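The block underneath contains the structure these notes are about, expressed in structure tokens.
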Amino acid sequence: MTDPAAEAKRIVEAYLERSMIPDPEGAAAFLAEDFRMSFTGGRKFGGPADSAGFNGKRYGWVKKRFLRTDAVTDPETGEVRVYNTGHLYGEWPDGTPFDGNRYIDIFTVRDGKIVSTDVWNDSAEILLDRAGLAEAPL
């Protein structure tokens, strides 16, 4: 018998790997038909092509360095919540490199498919700091 939490972690990491290529079509294979995404700032996206398009404007390029992937099964629904955290690294559109940009993505996996994800990272704070608009030093 497969461990639902371990399988959900595998699905999420495979999805994220495809998303970082970026391969929105390959990433979409891991998604349920009713998938929903809440991205940084509360933006609502329908899938990986939308977030890749957004990232293409915000970054020159960006990748994730996974630090942890944890999962827990909801005993009432059988859904698995997967928490993937780490750091973004890449380049801003002007070519300036960055690293250490914290992120956390929270996924819900049901019946072997990702049904939702919530994405948070420090990019907006870093951009405010670069523009001299941060209320306090980072």
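The values are calculated or read from the model by the stated rules, or taken from the named source; none is laboratory data. Since the structure is predicted, the reported quantities are computational estimates derived from the model, not experimental observations. Counting neighbours? That spans all protein chains shown, and the Cβs are built from the backbone with ideal geometry, glycine included.
Looking only at residues in segment 101-138 that are β-branched (Val, Ile, Thr) and in contact (Cβ under 8 Å) with a residue 24 or more places away in the chain, the one that is farthest from Asn55 (Cα to Cα) is Val109.
Hey, which of the strands (runs of 3 or more DSSP E) in segment 33-131, taking only ones fully inside, have at least 2 residues that are loosely packed, with under 14 Cβ neighbours inside 10 Å?
Values: elements: 43-45, 61-73, 80-91, 97-110, 113-121.
Of the strands (runs of 3 or more DSSP E) lying wholly inside segment 33-131, those with at least 2 residues that are loosely packed, with under 14 Cβ neighbours inside 10 Å span 43-45, 61-73, 97-110.
If you scan segment 29-55, which residues turn out to be among the hydrophobic types (A, V, I, L, M, F, W, C) and either in contact with a strand residue (DSSP E or B) (Cβ under 8 Å, 6 or more places away or on another chain) or at pLDDT below 95 (or both)?
Let us first name the residues in segment 29-55 that are among the hydrophobic types (A, V, I, L, M, F, W, C), namely 29-32, 35, 37, 39, 45, 49, 52, 54.
Residues satisfying the conditions are Phe30, Leu31, Ala32, Phe35, Met37, Phe39, Phe45, Ala49, Ala52, Phe54.
Before we move on, is Lys9 of a type outside the set (Ser, Thr, Tyr) and under 15 Å from Asp111 (Cα atoms)?
On the way: of a type outside the set (Ser, Thr, Tyr): yes; under 15 Å from Asp111 (Cα atoms): yes.
So Lys9 fits the description; yes.
Take the conditions (1) crowded, with 18+ Cβ neighbours inside 10 Å; (2) outside any strand (DSSP E or B); (3) at pLDDT 95 or above; Gly26 misses just one of them, which is (1).
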